[in-house]
Amino acid sequence: MILVRFTIDNRNRLIFYGNTVGYVKDDAAVVDEMFQTDELSRYLARLNLTPQWKEGVFDRLASGEMPDEELGQPQKGCRIWQLRKGVDVTMRFIGYEDLVKKFGEPDAENYTQVFDGDLGTNDLEQIYAICRDSPPPGYQGYRMALSDVVELYDDSGSEFFYCDRVGFRPIQFDQRQEQNECHEMTM
């Protein structure tokens, strides 16, 4: 077997002597700094890729994280919002289109925050899996389901996503309550 020194696979991962050492994004190659060599630098230059040497990329890729998760980017905080106790039961566990038809856009007044923390990812599907399968410590609601709202936030602001029948839908969501207020949810 001949071991190819360098290759970029079909998922934009950079393989160096059989090891996944980084990934390609736009015109840059984000590579774990422990693999910083003249040989690899020349290879990237031939491909017109600017190397960005970062710590921890190899470990994150080896643990199963994928390049499209914006490795090297700071993780955003995550808040989970669920419908309050006492809200019309027919609002629960319905898709976005049905909610809008029957009740209008999701209204933050009907929701309570049940989690605020770092889940180690900005990927909404991974957040869903974590909060559905094994909710993290501090999670005070039911397991994530249809009609919940995910908030991803950092110093620049917040983005809100409605948990829909398939995937998530970006929404406007003006939360008017205390950010740190968490209420125990019961069905």
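The values are calculated or read from the model by the stated rules, or taken from the named source; none is laboratory data. Here the structure is a predicted model, which is why all the values come from computation and not from measurement. Positions of Cβ are backbone-derived with ideal geometry, glycine not excepted, and every protein chain shown enters the neighbour counts. Heads up: the accessible areas ignore ligands, DNA and RNA and are worked out on the full protein's heavy atoms, side chains in. Shrake-Rupley method; radii C 1.70, N 1.55, O 1.52, S 1.80 Å.
Looking only at region 42-57, count every residue that is open to solvent by less than 40 Å² (accessible area, probe 1.4 Å) and either part of a loop (DSSP other than H, G, I, E, B) or modelled with pLDDT of 90 or more (or both) and tell me the total.
Residues flagged as open to solvent by less than 40 Å² (accessible area, probe 1.4 Å) and either part of a loop (DSSP other than H, G, I, E, B) or modelled with pLDDT of 90 or more (or both) within region 42-57 amount to 2.
Residues of region 139-154 include none that is without any contact (Cβ under 8 Å) to a residue 12 or more places away in the chain and open to solvent by 20 Å² or more (accessible area, probe 1.4 Å).
Please specify each residue of region 17-34 satisfying the condition of being at pLDDT below 90 and not in a strand (DSSP E or B). Correct list: 17, 18, 26, 27.
Could we say that residue 60 is part of a loop (DSSP other than H, G, I, E, B), open to solvent by 40 Å² or more (accessible area, probe 1.4 Å), modelled with pLDDT under 85 and among the basic types (Lys, Arg) here?
Here the answer is no, as residue 60 does not meet what is asked.
Within region 74-108, the residues that satisfy the criterion of being among the small types (Gly, Ala, Ser) and assigned to a loop (DSSP other than H, G, I, E, B) are 86, 95, 104.
Identify, please: which residue in region 63-84 is of a type in the set (A, V, I, L, M, F, W, C) and open to solvent by less than 30 Å² (accessible area, probe 1.4 Å) and is, among those, modelled with the lowest pLDDT?
71
Contact map, region 121-134: first residue over 20 Å from residue 171 (Cβ atoms), second residue surrounded by 18 or more Cβ atoms within 10 Å (Cβ to Cβ) and at pLDDT 90 or above, Cβ cut-off under 6 Å, separation 6 or more or different chains; the map is empty. May I ask you to list the residues in region 85-122 that are open to solvent by less than 60 Å² (accessible area, probe 1.4 Å) and within 30 Å of residue 61 (Cβ to Cβ)? Passing the criteria: 115, 116, 117, 119, 120, 121, 122.
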